[in-house]
1. Among residues other than residue 101 whose Cβ falls under 14 Å from its Cβ, what is the net charge (Lys/Arg +1, Asp/Glu -1)?
2. Calculate for the chain the 222 nm mean residue ellipticity that helices alone would give, adding -39,500 (n - 2.57) per DSSP H run of length 4 or more and normalising by residue count, nearest 500 deg cm²/dmol.
3. With the chain treated as a Gaussian network of Cα nodes joined by springs under 10 Å, which of 133, 174, 182 yields the largest mean-square fluctuation?
4. Given a 1.4 Å probe and every protein chain left where it sits, what share in percent of the accessible area of the chain is carbon and sulfur?
5. Sort out for me the Cα centre separation of segment 44-98 from segment 225-288, rounded to whole Å.
6. Tell me, what is the percent relative contact order of segment 146-284, built from C-alpha pairs under 8 Å that lie six or more residues apart?
7. Determine, from the Cβ-Cβ distance of residue 111 and residue 289 and an R0 of 56 Å, the FRET efficiency 1/(1 + (r/R0)^6), rounded to the nearest 0.05.
8. Enter the accessible area per residue of the chain (Å², integer; probe 1.4 Å; all protein chains in place).
Amino acid sequence: MKKTILVTGGLGYIGSHTVIELIENGYEVVIVDSLVNSKLEVLNRLETITGVRPTFYEYDVRDEEGMEKIFSNHDIFAVIHFAGLKSVGESVQKPQLYYDNNIGSTEVLLKKMKEHGVHNIVFSSSATVYGQPERMPLYETDPIGNVTNPYAETKVKIEEMLEEISKNDPEFNPVILRYFNPIGAHKSGLIGEDPNGIPNNLMPYITQVAVGKLPMLSVFGNDYPTPDGTCIRDYIHVVDLAHGHLLALKKLEEKPGRVIYNLGTGVGTSVLELINAFMEANHVNIPYKIVGRRPGDLPQSYANADKAFREMGFKTKYTIVDSCRDSWNWQKKNPKGFDK
Ligand code: NAD
Ligand code: UD1
């Protein structure tokens with residue numbers, strides 16, 4: 001019999017790519033999403049790509065009654081918990097919204113899991129939990145906390161909640177995945193990253209400049225202690241990241257208790273390198289200017305991803321050039337994102 005996976009936030013950027021992997025690998029998928037940062041059109045696109053329309057509930061995960069219905073209606077093997085708000089800047093403006101939405105939804109989810117005897121969860125954490133690290137690359141054993149914005153605080157807090165429960169409940173299996181910087185899109189060009197308003201993140205900004213929606217990219221600082229002076233990040237193709245979730249589900253079969261994995265490539269790429277890779281891969285020009293640093297940016301952030309390889313067989317398949325090609329393919333085919 002097919003195993004059922006509840007995917008919270010399954011219509012979002014990473015969630016939708018993961019849903020494809022799940023369906024293509026024989027899982028039954030149930031999605032819950034409030035649509036606070038996604039569009040219902042994603043469900044149609046998922047059906048076009050996979051030939052299967054996943055069961056969908058439009059609830060906020062904080063809605064206990066709604067979540068009760070889902071857990072009563074389905075025999076869930078594991079939850080993959082993507083649902084959450086993710087804008088660092090917005091979290092500084094509206095901290096309470098971030099605590100309520102991200103931590104509040106996780107509390108309800110964990111309560112329902114306990115009531116219904118569901119022991120398995122994969123949680124979307126972030127490299128942001130490492131705060132202001134002293135050295136690179138980042139290992140799972142490095143200290144977390146010491147973070148400077150409410151978004152990051154919610155990720156640290158939820159990791160702590162999962163740790164606390166697993167201390168008291170040996171049957172509980174939380175797989176914590178700390179993502180580095182996801183970019184790229186499904187090869188079909190039917191789904192991809194569709195931020196509201198002006199993008200905060202680098203790749204969607206680049207693609208919107210490429211498509212003519214924005215006039216020019218601002219590069220935030222070229223005086224960092226890095227080879228070309230611009231910041232270095234570990235960009236990972238979203239389909240590789242999605243594949244990591246499949247491996248996490250396989251890991252859950254071993255009833256591993258609490259485990260933590262970095263999901264990155266282990267390779268750092270600078271802002272200028274990414275811009276150049278995009279221009280070369282796609283033969284488009286990206287006009288840019290160097291401006292001042294963005295407050296709070298780390299000069300470098302990249303993973304040591306050996307643990308995910310050793311313990312789950314996680315290996316990335318796609319290069320930066322693949323990511324640039326796929327991000328552009330998505331944006332070009334959907335200049336207005338999911339708003340046709
Ligand atoms: P996204 O905004 O595209 O997807 C999140 C989805 O969750 C959206 O569809 C949104 O509508 C939904 N959602 C939010 N709050 C909800 C709630 N209370 N109830 C129901 N649905 C809710 O973001 P994403 O990039 O796909 O990120 C997925 C997860 O991964 C998030 O938890 C994010 O913090 C984490 N993460 C993302 C990145 C990144 O760069 N994209 C990096 C590290 C970690
Ligand atoms: C952001 C989030 C971080 C989150 C991560 C992955 C912030 C401050 N941090 O970080 O919490 O975990 O995404 O989702 O938002 N850049 C430009 N011009 C732009 C946009 C970005 O030069 O218009 C530069 C940035 O200065 C940075 C790099 O590009 O050096 C990557 O930026 P971004 O995509 O926002 O990712 P992070 O900084 O890693």
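1. Numbers: positive: 62, 86, 94, 155, 157; negative: 33, 60, 63, 90, 100, 107, 153.
Net charge in that neighbourhood comes out at -2.
2. Here the helix-only value at 222 nm equals -11500 deg cm²/dmol.
3. In this elastic network of the chain, the residue with the biggest mean-square fluctuation among 133, 174, 182 is 133.
4. Numbers: 7390 of 14950 Å².
Taking all protein chains in place, the chain shows 49 percent carbon and sulfur surface.
5. Measuring centre to centre over Cα atoms gives 24 Å.
6. Numbers: 145 pairs, mean separation 46.7, N = 139.
This gives 34 percent for segment 146-284.
7. In this case the efficiency is close to 0.65.
8. 44
The values are calculated or read from the model by the stated rules, or taken from the named source; none is laboratory data. Bear in mind that the values here come from a model prediction, so they are computed numbers and not experimental data. We place every Cβ from the backbone using ideal geometry, glycine too, and count neighbours over all the protein chains shown. Note: accessible area is taken over every heavy atom of the protein model, side chains too, but ligands, DNA and RNA are not part of it. Shrake-Rupley method; radii C 1.70, N 1.55, O 1.52, S 1.80 Å.
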